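*Asks:* Submitted below is the structure of interest, expressed as structure tokens.
Bear in mind these aren't lab numbers, they're just calculated from the coordinates by the rules spelled out. Everything quoted here is computed from the prediction, not taken from an experiment. All Cβ positions, even for glycine, are placed from backbone atoms using ideal geometry, and neighbour counts span all protein chains on display.
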Amino acid sequence: MYKESFNQIINRENTNCYKYDWREKIFNKKDVMPMWVADMDFPTPDFILQGIQERMKHPILGYSFYGDSLLESVRNWMLKRHDWEIEKEWIKLTPGVVPAINLAVLTFTQPGDKIIVQPPVYFPFFSAVKDHKRELVENELLLKNGRYVMDFDHLENNIDEKVKMLILCSPHNPTGNVWHKEELEQLVDICVRNNILIFSDEIHSDIIFKGNKHIPTATISDKAADITLTAMAPSKTFNMAGMASSVLIGSDKKRMNQFMREMQKFHIGMGNVLGHAGMEAAYTHGKQWLDEMMEYLHENLDFLKSFIQKNIPLIDVIEPEATYLIWLDCRKLGLEDKPLKDFFVQKAGLGLSDGPLFGKGGSGFQRINIACSKNYLEQALNNLYQALKTDNFI
Ligand SMILES: Cc1ncc(COP(=O)(O)O)c(C=O)c1O
């Protein structure tokens, strides 16, 4: 039903969207194919636009709290999609997941405390620690037989009494990991023993490839639920990041109240009225669209893998278990980071996310966003292939 809409190529220029309208600013080149920032080129689903339009039929968009029906839609989604039974009282709206991470850092840690992140990882995790004068502890992921794993020995060896929080990316951007139950159990065990709060960023948890199952960290055990704050949002799943609407879920009432007090200091606890409408529509009507979108994404992924395997043996695709952001291992091209980035931008005309942005382990990698029409992806890969041929890499 929606496939045709995924095939469409929609002109997004002059809509103030970062992806297209900031090309010159980011890549110094206006005509790159932008496949970097994590939003999709698919239209935001019709039922979400209708939900927003429905709210706009009322002529006043004044200060508004979020109602019971929105919380119920979140609760139902978590239950149906993630087998996670939550209570409505556990849900608080946040104006984006990155703001929620920063607020959690401010609420639950003090300057000088240590916070663990696991690079290569979504880079705002680093600034959420450093900008607030907390100390970054990096537990670099290890690439073993084509799949990234957590380095539990290194983690244990780097914990001391100053470590207060771990920011987990689950599923993991940019490597595409869906963390296995055993991995989460081991991580939770370490955090419980060391009194470390887990901020579990699960923004990509709906975008899961066949054969994998996302497990919310808080569902691992009662103890896991006690020490975990979970961030979720419809923004990545349904291409509505511009609504800046997400949720933080936690069963510890005292902790959630503490978090709310911090939000109230900044007067940002009410969300925004159109974001509420969009989120409720997404979580109420989103199942079919998401299932179809995942099928399309799977086709794009299969196409990317087979194209690269057949034509560009110097690049390895890290098999993603989740997300539409694919981590490309370009180390066999033998280029330093700056020339690698320049090659992609200047020679291939592709604006990807540069590996080193993601911290340790990012050198020699590029991240490509495949949430676009198949034709667009095909053109991008052909451009890459031609550029590599011209420069005698293949
Ligand atoms: C892991 C992760 N967390 C958070 C975000 C952004 O969340 P928000 O726009 O809600 O701040 C992204 C966007 O790419 C992401 O990949």
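*Asks:* I need the calculated FRET efficiency for the pair Arg331 and Lys130, taking r as the beta carbon distance and R₀ as 25 Å, to the nearest 0.05.
*Replies:* Step by step, r from the Cβ atoms, then E = 0.35.
*Asks:* Oh, and also: So who's got an amide H within less than 5 Å of the one on Met33, skipping anything under 5 residues away but keeping other chains? H placed 1.01 Å off N, in plane.
*Replies:* Leu350, Gly351
*Asks:* Using the crude model of +1 on Lys and Arg Cβ and -1 on Asp and Glu Cβ, and no other charge, please compute the dipole size for segment 48-285 relative to its Cα centre, in debye to 20.
*Replies:* Around 620 debye, computed over segment 48-285.
*Asks:* Restricting to DSSP H runs of at least four residues, report the calculated mean residue ellipticity at 222 nm for the chain, -39500 (n - 2.57) per run over all residues, nearest 500 deg cm²/dmol.
*Replies:* Helix contribution divided over all residues of the chain: -12000 deg cm²/dmol.
*Asks:* While we're on this one: Using only the alpha carbons of segment 298-348, determine the length spanned along each of the three principal axes and report them from longest to shortest in whole angstroms.
*Replies:* 31, 22, 17 Å, listed from the longest principal axis down.
*Asks:* So between Asp83 and Leu49, what do we pick up on full extension, going 0.36 nm a residue minus the alpha carbon distance?
*Replies:* 9.5 nm
*Asks:* Next up: Could you order the peptides 118-125, 185-192 from most to least packed, using the average number of other C-beta atoms within 10 Å per residue?
*Replies:* The most tightly packed comes first, giving 118-125, 185-192.
*Asks:* I've got another one for you. Once you have the Cα-Cα distance between Lys374 and Val192, take 0.36 nm times their residue separation minus that, and quote the gain in nm to one decimal.
*Replies:* The Lys374-Val192 span can extend by a further 61.0 nm.
*Asks:* Once you have the alpha carbon radius of gyration of segment 1-88, what is it after dividing by 2.2 N^0.38 Å, with N set to its residue count?
*Replies:* Relative to the rule-of-thumb radius for its length, segment 1-88 sits at 1.51.
*Asks:* A further question on this structure: So for each of 226-239, 352-365, 51-64, 376-389 I average, over its residues, the number of other beta carbons within 10 Å; can you give me the resulting order with the highest mean first?
*Replies:* 226-239, 352-365, 376-389, 51-64
*Asks:* Each label point is 7 Å from the Cα along the Cα-to-Cβ direction; what then is the distance between the points at Asp302 and Asn28, in nm?
*Replies:* Each label point lies 7 Å from its Cα, and together they span 4.1 nm.
*Asks:* Report the FRET efficiency, 1/(1 + (r/R0)^6), for Asn11 and Asp252, where r is their Cβ-Cβ distance and R0 is 35 Å, rounded to 0.05.
*Replies:* Calculated value: 0.15.
*Asks:* Who wins for biggest fluctuation among Leu79, Leu93, Leu71 in a Gaussian network model of the chain, springs between alpha carbons below 10 Å?
*Replies:* Leu79
*Asks:* List the pairs from Lys181/Lys253; Lys130/Lys265; Lys80/Lys305; Lys30/Lys265; Lys30/Lys389 whose alpha-carbon separation is above 29 Å, in the order I gave them.
*Replies:* Distance filter (> 29 Å) returns Lys80/Lys305; Lys30/Lys265.
*Asks:* As an exercise, use a Förster radius of 45 Å and the Cβ-Cβ distance of Ile60 and Leu314 to find the FRET efficiency, rounded to the nearest 0.05.
*Replies:* For Ile60 and Leu314, the calculated efficiency is 0.15.
*Asks:* Ok, one more. On a full-extension model of 0.36 nm per residue, what is the gain between Gln346 and Asp226, subtracting their alpha-carbon distance, rounded to one decimal in nm?
*Replies:* Result for the pair: 38.3 nm of gain on full extension.
*Asks:* If you don't mind, another one. Can you return the aspartates and glutamates within cross-link range of Lys144? Criterion is Cα-Cα under 19 Å, with same-chain partners fewer than 8 residues away left out.
*Replies:* Asp153, Glu182, Glu183, Asp316, Glu319, Glu321, Asp329
*Asks:* A further question on this structure: In units of 2.2 N^0.38 Å, what is the alpha-carbon radius of gyration of segment 48-285?
*Replies:* Dividing the Cα Rg of segment 48-285 by 2.2 N^0.38 Å gives 1.00.
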